[in-house]
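The values are calculated or read from the model by the stated rules, or taken from the named source; none is laboratory data. Keep in mind that this is a model prediction, so the values were computed, not measured. Backbone-built Cβ (ideal geometry, glycine too); neighbour counts: all protein chains shown. Keep in mind that these areas ignore ligands, DNA and RNA; they rest on the heavy atoms of the full protein, side chains included. Shrake-Rupley method; radii C 1.70, N 1.55, O 1.52, S 1.80 Å.
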Amino acid sequence: MSKDFKVKKIFELAKKYEQDMSTFLRKMISHPSESCNEKEVIYTIKEEMEKVGFDKVEIDPMGNVLGYIGHGKHVIAMDAHIDTVGVGDKSAWEFDPFEGMEDDEVVGGRGASDQEGGMASMVYAGKIIKDLGLEDDYTLIVTGTVQEEDCDGLCWQYIIEESKIKPEFVVITEPTSLNIYRGHRGRMEIKVTTKGLSCHGSAPERGENAIFKMAPILNELKALHENLHYDEFLGKGTLTVSEIFFSSPSRCAVADGCTISIDRRLTDGETWQGAIQEIKNLPAVKAANAEVELYKYDRPSWTGLVYPTESYFPSWVLEEDHPACQTLVDGYKELFKEEPLVDKWTFSTNAVSIMGRYGIPCIGFGPGHEDQAHAPNEKTWKDELVKCAALYALTPITYVNKYVNK
């Protein structure tokens, strides 16, 4: 099969399977799958992988589904997290978030863009590879991963540490509007706690108010945000206070505890240690003797497995000339006859572990748009499902034939 004919046939098959992908996506959407409750959608994916002819499909002890195509020595992975956030205010939806709304152009529902559309395209990319006999000296692992919305990358910490799977690179299929993304900022979930002494509210001078201690810290955090590090590619580090809690014996007592949560976005060049120290160095934090620490995550997965980790998710950037990036750029130009936009995500993905923690190269390309994530009336576009399936099918053989051992 000539190269041009192969590319043409891949795109033809992707178009042929547009309705199959839409139907599969609607099936996934029909199963509510918030983090730690993904069982039904995981089994739906397993069934579809088996139906289209994956060589092996398994569900690991954490509850991730892994589908294998080929038996070659070069391991390439493609990942979609298949958990979703909740629907929020249901009255803001113009259609049922779990019905899988469909018209000629879009499929709508919770998870359509973030991030089950990527899974639909990957599974049918596997079918295209099988249909056209595109197997080569590679093993493609398609992963449907859990708990990303709760704890980015925890699933891949498990896959790498426990299953000992270490691909040569990973395609992250989060929504990119059909652009190619090679990095994003990291993040941390930080807790700051002040302690006081409770007493009766009628005589507050007898106690020590933990909420009052927190007040100047909030103002200094707001100022700190304005002066965080700036990176030319990823942009500026950011900080916001996202939650506040208190402890007090009653409404008519002085508060003896106050805690805030900080969402800290890390740009390239920042470290988690430095971000913690910046807060510890604030005068108000020192004056209050406040405690500053990372949150820990230890919710059981849908299988009951607990795999605890600190809530730190590193930033990552892949060089534009890296073979993983150039593989997708080459395939994009062959399929679509135009130059892609190579850019970055605003939000965070499982690559915080894959590349941020473990240094395994990641590159992003996915159906759907970032502004659909976590929004009411979430949708994705059918033509993007088609284009992604085509590029995913072309990627492994392009990498092996053009970049391996080069």
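Need the list of aspartates and glutamates near K195 for cross-linking: C-alpha distance under 20 angstrom, and skip anything on the same chain fewer than eight residues off.
List returned: E205, E208, E220, E243, D256, E291, E293.
If you place +1 on the Cβ of every Lys and Arg and -1 on the Cβ of every Asp and Glu, how big does the dipole about the Cα centre of region 259-313 come out, in debye to the nearest 20?
Computed charge dipole of region 259-313: roughly 100 debye.
Rank these residues by their accessible area, most exposed first, probe 1.4 Å: L341, L154, L218, L13. Please report the intermediate quantities before stating the final value.
Numbers: L341 95, L154 0, L218 60, L13 25 Å².
So, going from the largest accessible area down, we get L341, L218, L13, L154.
Heavy atoms only, probe 1.4 Å: what % of the accessible area of the chain goes to carbon and sulfur, would you let me know?
Reported share for carbon and sulfur atoms: 48 percent.
Using a 10 angstrom cutoff on alpha carbons, build the Gaussian network for the chain and name the most mobile of P216, P314, P204.
Comparing P216, P314, P204 in the GNM, the peak value goes to P204.
Considering only protein heavy atoms, what is the solvent-accessible area of E50 at a probe of 1.4 Å, reported in Å² to the nearest 10?
Result for E50: roughly 100 Å² accessible.
Which is farthest toward the positive dipole end of the chain among I244, M188, Q273, measuring Cα position about the Cα centre, with Cβ charges +1 (Lys, Arg) and -1 (Asp, Glu)?
Of the candidates, Q273 comes out farthest on the positive side.
Could you work out the local net charge near H374, counting Lys and Arg as +1, Asp and Glu as -1, over the other residues with Cβ closer than 11 Å to its Cβ?
Once all neighbours under 11 Å are counted, the net charge is -4.
On the Cα set of region 123-170, report Rg and Dmax in Å, please.
Taking only Cα atoms of region 123-170, I get Rg and Dmax of 13.5, 38 Å.
Most fluctuating residue of L328, L294, L66 in a GNM of the chain with Cα springs under 10 Å: which is it?
Highest fluctuation among the options: L294.
When only the heavy atoms of the protein chains count and the probe is 1.4 Å, how do S315, S250, S22, S202 rank by accessible area, highest first? Don't skip to the end; give the middle numbers.
Working: S315 25, S250 50, S22 0, S202 95 Å².
From most exposed to least exposed: S202, S250, S315, S22.
Over the alpha-carbon set of region 309-380, divide Rg by the Kirkwood Rh and report the Rg/Rh ratio to two decimals.
On the Cα set of region 309-380, Rg over Rh gives 1.02.
Could you order V241, V400 by accessible surface area, starting with the largest, using a probe radius of 1.4 Å?
Final ranking, largest accessible area leading: V241, V400.
For region 79-205, what does the equivalent ellipsoid look like in terms of its semi-axes, each the square root of 5 times an eigenvalue of the Cα gyration tensor, given largest first in whole Å?
40, 24, 12
Please give the solvent-accessible surface of D137 in Å², to the nearest 10, using a probe radius of 1.4 Å with every protein chain present.
60 Å²
Could you work out [θ]222 nm for the chain from helices alone, using -39500 (n - 2.57) per DSSP H run of at least four and dividing by all its residues? Round to the nearest 500 deg cm²/dmol.
Working: 11 runs with 135 residues, N = 406.
Helix contribution divided over all residues of the chain: -10500 deg cm²/dmol.
Distance check, please: which entries in K127/K164; K51/K379; K8/K387; K3/K344; K6/K344; K333/K402 exceed 18 angstrom between their Cα atoms? Before the final figure, lay out the partial values.
On the way: K127/K164 26 Å; K51/K379 25 Å; K8/K387 12 Å; K3/K344 30 Å; K6/K344 30 Å; K333/K402 15 Å.
Beyond 18 Å: K127/K164; K51/K379; K3/K344; K6/K344.
Which entry is the computed log10 I(q)/I(0) by the Debye sum over Cα atoms at q = 0.07, 0.09, 0.12, 0.14 Å⁻¹ for this structure: (i) -0.31, -0.52, -0.99, -1.40; (ii) -0.40, -0.64, -1.03, -1.27; (iii) -0.36, -0.57, -0.93, -1.18?
(iii)
What number, in percent, do you get for the relative contact order of region 69-173 if the mean sequence gap of Cα pairs under 8 Å and at least 6 apart is divided by its residue count?
50 percent.
Note the angle between two axes, namely the Cα long axis of helix 3-16 and the longest principal axis of the Cα atoms of the chain, as a number of degrees from 0 to 90, rounded to the nearest 10.
70 degrees
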